[in-house]
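Before any comments, here is the structure.
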């Protein structure tokens with residue numbers, strides 16, 4: 001499992017910091033591998049099986065799952081709307097847990113870097129601060145709502161809310 005992930009992601013620059021995804025994720029799941037590398041979802045399934053593939057699908061934007069070329073004109077919002085819809089209406093609890101952990105980790109990185117460099121952080125993204133706020137607020141709300149009865153999801157949502165209140 002580890003060689004495919006580490007060879008594709010090691011030393012990859014993230015928008016917030018340089019992080020090896022394998023070290024970031026306790027479970028060492030290849031969450032961002034399809035979005036951030038040339039690895040296809042089919043290769044993930046061959047290497048890791050159907051269960052892991054479904055978790056990766058739940059945390060990956062549709063256009064990136066299909067390896068569609070993303071044009072500069074493609075709006076950030078048009079890529080995020082389907083992700084929010086999926087999390088709210090279609091995701092399994094396991095997909096919500098994995099995607100929620102990934103988004104929480106991303107938001108923690110934003111908060112960390114915001115404390116270091118301030119408002120300049122928003123220049124790193126393809127979306128405005130207001131759009132980022134909408135995105136993380138939406139995810140936090142979904143996790144809290146879907147988390148009723150699932151303490152981990154609810155905790156993810158609550159922590160995300162506390163974090164976005166620090167930077168937005």
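Assorted remarks:
- Residue match in the stretch 40-49 (condition: exposed (fewer than 14 other Cβ atoms within 10 Å of the Cβ), more than 18 Å from residue 97 (Cα to Cα) and modelled with pLDDT under 85): no
- Test for residue 74: is it at pLDDT below 85 and either in contact with a helix residue (DSSP H, G or I) (Cβ under 7 Å, 6 or more places away or on another chain) or surrounded by 14 or more Cβ atoms within 10 Å (Cβ to Cβ) (or both): no
- Checked across the stretch 51-64, the condition of being over 15 Å from the mean Cα position of the chain (by Cα), surrounded by fewer than 18 Cβ atoms within 10 Å (Cβ to Cβ) and at pLDDT 85 or above holds for at least one residue.
- The listed residue being buried (at least 17 other Cβ atoms within 10 Å of the Cβ) and not in a helix (DSSP H, G or I), out of 127, 91, 101: 91
- Restricted to the stretch 107-120, and to residues there that are free of Cβ contacts under 8 Å to residues at least 60 places away in the same chain and touching a helix residue (DSSP H, G or I) at 6+ places or on another chain (Cβ under 7 Å), the residue that is nearest to residue 80 (Cα to Cα) is 107.
- Summed over the stretch 142-160, residues that are part of a helix (DSSP H, G or I) and buried (at least 16 other Cβ atoms within 10 Å of the Cβ) total 10.
The values are calculated or read from the model by the stated rules, or taken from the named source; none is laboratory data. Only a predicted model underlies this, so the values are computations on that prediction, with no experimental measurement involved. Here the Cβ is made from the backbone with ideal geometry for all residues, glycine too, and neighbour counts use every protein chain on show.
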